[in-house]
Amino acid sequence: MSAKQYPSWVLDLTDEELRWTFGAPTFFRGSDYAKQKRVGHVTVAGDRIVTAQVRGSEHGAYYTSLAWDGSQVSNTCTCPVRRDCKHGVALVLHLREAASRQRMPKWQRDLALVLGSDEDSAFSAGTPLAIQYTLLLHDVELRPMYWGARNTWVRGQATWDEMTRARNAGHDPAHRQALARLHAAAQESHTNRWGFGPRGGHLLVSELGHEGWRLIQEAQSVGVEFIPAKESRTVTFRGPELELTAELTSSDDGGLNVQRVLTLDGEAVTPVNLLGMPPHGAMLPAEKGDRIVVGFSRPLDESARALAQLPSVQIPAPDVGQFALEYLPRLKRVAPVRQPEGLTLPTVGTPELLVTVEQTPTETGITGTVEIGFRYGYEGSTAKPVDITTRGGRSFAGRDMVAEQELRPVVEELLGGPAPKVLPATVLREGRAFLELWPRLDDLAERDDVILVITEGTRGYQQLEEAPQISLRVNEKADWDWFDLEVSVTVGEVKAPLPDLLRAISAGDDHLILDNGDWFSLDHPELQRLRDLLAEARLLTDPDSDGSVIRLRPENAGWWEELVELGVVARDSEAWNRVTTRLLQATGAPEIEAPSSLRADLRGYQLTGLRWMDFLRSVGLGGILADDMGLGKTLQALALICSLQERDLLTGPVLVVAPSSVVGAWAEQAVRFTPDLTVTTLSETSRKRGSTVQEAIDGAQLVLASYAVARLDVEQFEQTHWQLVLLDEAQFVKNRQSRTYQAVRRIPAGARFVLSGTPLENNLMDLWSMLSLTTPGLFPDPRVFTETYRKPIEEGDDEAGAMLAQLLRRIKPVLLRRTKELVAPELPPRQEQVVPVELNAAHRRVYDRHLNRERQRVMGLVGDLQKNRITILRSLTLLRQLSLSPGLVEAEHADIAASKIDVLLELLADVVAGGHRALVFSQFTSFLGLVKERLNAEGIETVYLDGRTRNRQARVDEFRQGSAPAFLISLKAGGFGLTLTEADYVFVLDPWWNPAAEAQAVDRAHRIGQDKPVMVYRLVASNTIEAKVVALQERKRELFNQVVDAGDGAVAGALSADDIRGLLDM
């Protein structure tokens, strides 16, 4: 790639011309930006236009442009100034330096890196400048002057603007630069205060700000003379040399005098007045009415400015102690304080711990507060002690933090745990924690370094020390698949009220107060675990009981196993024990062998999957086979059916429901692997077919149907009792409110199994939907599941970790997932790379224009997300299309090159040259069409597949058996049901906030049978909504990893309002 050529006209723009065009203050600020290397992303358009990004003062980037008309340069910018700004100066200086270096011989460029620039020594002598001053009553006026033709100083009509913007005037450059910096300082200070800079031919010393004093010294150092005006008294200009201090002196009545003192050259001075608002200097008297103006040695903060304007303060004798302990340390932080020898001030004593306890009985128990603070007394003073509490005193300057820290162990002993990180603090103690506080209060009252204050209204409570005794009894119901669990608890000789106790345990209470005021602890291992388990099962309680009976089903075996571990079962049901033992000891079930009629060799993990499904079926349950994509879920399901046939257990037809695009693959694999099975495919509804479902499947052992057919003919599917129902790619029924979900759930089955590598895409309710189809008794109520699991886990609250672990324990018996890394280590590696794509200038302009418009539209709608979701998604989709090609949105922009296609072509050329083959995925078929046209024009043969393709398998065979190097596939049409291991490169042209779709697409190539490493490129348009989508994917992916996978998964939650705002925050 050839080096970027910079225009030659920038070399003709001198500093003088730039100061004339932009103004001296702007020029100097722009020079600083150029030296700080804030210019980047330079684009040269022809020989007259240059654009770039310039980083501003807040680290945001502005787009600035330069245009050359042959004689002068003009500048526009996206910053608030809009034109002729410091960003434009920075770009000119950056270009001038780059162009100059570009035209140097190589040896000069190399030596320049060693020797640096000589521009600092390039000033040449010229006509000198001076500053005329006029002493005013409270200020000094400054005007510029120049050395005239008659060898005298001339002021004329010259203004500061003219003198610093003069073009080719021949003035001394060092002088002009010194005056320009003074002018810029005045402008900066004046603009900050009033919103506009000074105008006219004069400025005031008070307008210069603190920086002005250093600039005055610099002007004097380069030879700029300061000349008094006629009839003006002499003024001596000093730099930032004035010191601000405070001095303490004793008064005759025992009080103190705090006096502001200004010193210059070590001597105290009395100012005529201070200069500036806020003050940054002072005017001092000199001999014969002359004056000295001098700046403070450092910028004054708000406190120092107040001190500078306050001559003195009188402290009465009784308040000297308070002043010394509270105010003097803070005063020393404002300015140096001089204290005469022999002046003795009161000192603070050692802090005492101040503890105030207040209890408040409530209807639900007891609540109390413990306020922990400190009390400080004065040594050598009768002043009132200072209390450091949450209500005040925290800013007391005499606090001894070390001594306060030494009292923290006392606080920890009182609270029975860690003390608050910051004291003083008020600690809330509720229930048992407040009850256990009282025995420690007596010990605390005996300490000399503690002051204990107890409010009225206290009441004594006595703890019962006996451990509660729990009994569990399981009774059979008339309908054998339900069992009742009865609970009873006694403490000593007393039977605790069951409703009250269960409410306390379920609510998470750690104690129970009886009516007589006694209380006992619930902090026992068996009670704590019982609390957790009953909280999970609380909505299974029999409505007719008093709250002590829990109804159980076989799906609750995992829950019961944890309850049994408490060792408190008094009576067990034989039937219950039989069914739960069989389910919980799945590893001990008979290990069936792979069916001999199966024309495939099962891998070890596939045989495990077969045995797992057969075992669940044998106990009347279903499950979710969630193996990673490409590990043969279809083969495992066919092996199960084949095994049932060989063991004479296939007593009814098996129904497979799958997406219409996958039904053909099921039929093909059934013929290939299980030719002994009688297979019927229902590719049409009964109306189109002209026969009922029962007529069509007569004699069939395996029936294949699409979700659409199952939904439309659900009444007929209901008339057959299916031995098994297998739901492939079951993310199609993840919405429990959809007609497809309702239809599938109505179909009767001995057991249902879900086959899906992504059982969780949007949120945990996807998982609930699949569990409700396979094991409906596990989590029967979606509202309970939402409150118990979904909200805590997805919102990441304090219970998220515990609830996640509990959910995993519950679903472990009925969900089986193996990843490629775990069971197929021989699979070649897969590498993924995000390729940033910079939009070209024309593409960027179109995108940014639409972005601003769509952002305003969406931000006004996002407040009511449910109502406006369709409109919002339409706007987001438009921006995603614009990230690909402007022509997808506006036909008049069809001639603008799509940057992403250029990058794809460059990458794909290397792939083809190396003899490789690639899959190219996009959400948008219109963009795939543009890609196809471009690739074909470049001589790259392609195969194309989208949702409108009629003969899908023919296109797949064309690629697999042909020589075309690129297969263009829409993400929805080809994201599942395909095996394309002939390709070892995958290009994803546009990211989607559901990374599961991308993962499925990639796994078309990276699956069992692949013998080459797979390289995945994700092309992402920089600084567009696509970059935000990629970031959103990473946040959404974590939920899948936590619930379903150990480290490699894919998930995207439904877009929230915050997600949408983030997508548009460019």
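The values are calculated or read from the model by the stated rules, or taken from the named source; none is laboratory data. Quick caveat: nothing in here was measured; it's all calculated off a predicted structure. Note that each Cβ is placed from the backbone with ideal geometry, even for glycine, and that neighbours are counted across all protein chains shown.
Here are a few things to note about the model shown:
- Which numbered condition residue 146 fails, given (1) crowded, with 18+ Cβ neighbours inside 10 Å; (2) modelled with pLDDT under 90; (3) part of a helix (DSSP H, G or I): (3)
- Residue satisfying condition, being touching a helix residue (DSSP H, G or I) at 6+ places or on another chain (Cβ under 6 Å) and buried (at least 22 other Cβ atoms within 10 Å of the Cβ), within set 988, 920: 988
- Applying a threshold of 9 Å to beta carbon distances and a minimum spacing of six or more residues, or different chains, the list of pairs starting in segment 640-655 at a residue that is farther than 17 Å from residue 679 by Cβ and outside the structural domain of residue 674 (by TED's automatic domain parsing) and ending at one that is of a type in the set (A, V, I, L, M) and surrounded by fewer than 24 Cβ atoms within 10 Å (Cβ to Cβ) is empty.
- Among residues of segment 376-415, those that are within 37 Å of the chain's Cα centre (by Cα), farther than 28 Å from residue 320 by Cα and assigned to a loop (DSSP other than H, G, I, E, B), counted: 0
- Checked against (1) modelled with pLDDT of 80 or more; (2) over 30 Å from residue 906 (Cβ atoms); (3) of a type outside the set (S, T, N, Q), residue 825 passes all but a single condition, namely (1).
- Within segment 25-72, being over 30 Å from the mean Cα position of the chain (by Cα), surrounded by 15 or more Cβ atoms within 10 Å (Cβ to Cβ) and basic (Lys, Arg) holds for one residue alone: 29.
- For segment 213-232, the tally of residues that are loosely packed, with under 14 Cβ neighbours inside 10 Å and farther than 18 Å from residue 155 by Cβ stands at 2.
- Filtering segment 10-26 to residues that are without any contact (Cβ under 8 Å) to a residue 60 or more places away in the chain and in a helix (DSSP H, G or I) leaves 12, 15.
- Of all the numbered requirements in (1) among the hydroxyl-bearing types (Ser, Thr, Tyr); (2) under 17 Å from residue 86 (Cβ atoms); (3) modelled with pLDDT under 85, residue 31 misses one, and that requirement is (3).
- Those residues of segment 243-259 which are under 29 Å from residue 204 (Cα atoms) and either of a type in the set (Ser, Thr, Tyr) or surrounded by fewer than 17 Cβ atoms within 10 Å (Cβ to Cβ) (or both), in sequence order: 245
- Selected residue (only one of 674, 685 is of a type in the set (S, T, N, Q) and over 28 Å from residue 759 (Cβ atoms)): 685
- Hey, residue 428 modelled with pLDDT of 85 or more, part of a strand (DSSP E or B) and closer than 22 Å to residue 512 by Cα or not: yes
Quick grid of which residues meet (1) assigned to a helix (DSSP H, G or I); (2) more than 22 Å from residue 147 (Cα to Cα):
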position: 214; (1), (2): yes, yes
position: 217; (1), (2): yes, no
position: 220; (1), (2): yes, no
position: 223; (1), (2): no, no
position: 238; (1), (2): no, yes
position: 241; (1), (2): no, yes
position: 245; (1), (2): no, yes
position: 261; (1), (2): no, yes
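- Of all the criteria given as (1) out of contact with any Phe, Trp or Tyr (no Cβ under 8 Å at 6 or more places or on another chain); (2) in contact (Cβ under 8 Å) with a residue 12 or more places away in the chain, the one not satisfied by residue 347 is (1).
- Residue list for segment 781-796, restricted to those being touching a residue at least 24 places away in the same chain (Cβ under 8 Å) and part of a loop (DSSP other than H, G, I, E, B): 781
- Among residues of segment 745-768 that are in the same structural domain as residue 615 (by TED's automatic domain parsing) and at pLDDT below 85, those with a Cβ under 9 angstrom from a residue that is part of a strand (DSSP E or B) and surrounded by 20 or more Cβ atoms within 10 Å (Cβ to Cβ), sequence gap 6+ or separate chain, pair up as 759/624; 759/815.
- Exclusive hit being modelled with pLDDT of 90 or more, under 16 Å from residue 747 (Cα atoms), touching a Leu at 6+ places or on another chain (Cβ under 7 Å) and among the hydrophobic types (A, V, I, L, M, F, W, C), set 679, 654: 654
- The number of residues in segment 310-322 being surrounded by 13 or more Cβ atoms within 10 Å (Cβ to Cβ) and among the polar types (S, T, N, Q) comes to 1.
- Residue check, residue 240 in the same structural domain as residue 329 (by TED's automatic domain parsing), closer than 22 Å to residue 133 by Cα and surrounded by 16 or more Cβ atoms within 10 Å (Cβ to Cβ): yes
- Only one entry in 908, 945 is touching a Phe, Trp or Tyr at 6+ places or on another chain (Cβ under 9 Å), over 21 Å from residue 843 (Cβ atoms) and either charged (D, E, K, R) or assigned by TED's automatic domain parsing to the domain that holds residue 968 (or both), namely 945.
- Whenever a residue of segment 480-506 is on the phi < 0 side of the Ramachandran plot and part of a helix (DSSP H, G or I), its partners that are at pLDDT below 75 and hydroxyl-bearing (Ser, Thr, Tyr), lying with C-beta atoms within less than 6 angstrom and at least six residues away or across chains, give the pairs 498/548.
- Matching option when the condition is under 30 Å from residue 264 (Cβ atoms), crowded, with 17+ Cβ neighbours inside 10 Å and outside the structural domain of residue 395 (by TED's automatic domain parsing), among 343, 307, 325: 307
- The set of residues in segment 315-366 that are of a type in the set (Ser, Thr, Tyr) and part of a helix (DSSP H, G or I) contains only 327.
- Number of residues in segment 325-366 that are at pLDDT below 85 and under 30 Å from residue 503 (Cα atoms) equals 8.
- Count of residues meeting criterion [farther than 21 Å from residue 611 by Cβ, crowded, with 23+ Cβ neighbours inside 10 Å and among the polar types (S, T, N, Q)] in segment 753-768: 1
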